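The values are calculated or read from the model by the stated rules, or taken from the named source; none is laboratory data. Bear in mind the structure is a predicted one, so any value in this text is a computation, not a measurement. For neighbour counting, all protein chains shown are included, and Cβ atoms are generated from backbone atoms with ideal geometry for every residue, glycine included. Protein only, heavy atoms only, side chains kept; ligands, DNA and RNA dropped before computing areas. Shrake-Rupley method; radii C 1.70, N 1.55, O 1.52, S 1.80 Å.
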Amino acid sequence: MPKISVIVPVHNTEKFLGKCLDSLVSQTTDDIEFILIDDASTDNSLEILSSYQSKYPDKIKVISFSKNQGTSVARNKGLELATGAYIGFVDSDDYI
C-alpha cells in the first residue's frame, strides 16, 4: 500500500499534461501512486495518460469516463480508488 495517493482530474489539457505528469513521476519518494482520471477529453489527453501508464505501471492508474462529469465527480472517483494514507490533488494544467 502506498503512503501517498495523488489524484489528477483531466479534461482537455493535452497542452500542459506532459509537464504535469513529468513533475509527478519525478518525485523522490517511491511510496506514491497517481490516480489519473480522464473526464471524457476530446483531445489527446487520454492517449498521453495511457502512454505514461505504460511507462510507470506500478505508479499510475488511469480511469476514463465516457461522459464528461466534472471535476468533483472525477476527484470523488479518485478518492474511492486511493489506497494511500495521505491524499493530494493536482490539477492537470499544473506541476509540482
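Points worth noting:
- Under 16 Å from the Cα of residue 67 - aspartates and glutamates, other chains or at least 8 residues apart: 38, 39, 43
- Phi-based couplings in Hz for the range 82-92 (Karplus 6.51, -1.76, 1.60; Gly and Pro marked x): 5, 10, x, 6, 10, 10, x, 10, 10, 7, 6
- Our estimate of slack between residue 93 and residue 26, defined as 0.36 nm per intervening residue step minus the Cα-Cα distance, is 22.5 nm.
- Accessible area (Å², 1.4 Å probe, nearest 10) - residue 42: 120
- The range 25-77: trypsin sites (Lys or Arg not before Pro) in DSSP loop, at most 13 other beta carbons within 10 Å: 67
- Against the main long axis of the alpha-carbon atoms of the chain, helix 45-55 sits at an angle near 30°.
- Potential extension, residue 83-residue 16 segment - 0.36 nm per residue separation minus Cα distance: 21.5 nm
- Heavy-atom SASA rank of 14, 33 (probe 1.4 Å, accessible area, largest first): 14, 33
- The angle between the Cα long axis of helix 71-81 and the longest principal axis of the Cα atoms of the chain comes to about 40 degrees, rounded to the nearest 10.
- Working from label points 7 Å from Cα in the Cα-to-Cβ sense, the residue 55 to residue 67 distance is 3.4 nm.
- Angle between the chain longest axis and helix 14-25 axis [Cα atoms, degrees, rounded to 10]: 10
- Per the Kirkwood formula applied to alpha carbons, the chain shows a radius of gyration over Rh ratio, Rg over Rh, of 0.92.
- Rounded to the nearest 10 square angstrom, residue 86 shows an accessible area of 140 square angstrom against a 1.4 Å probe.
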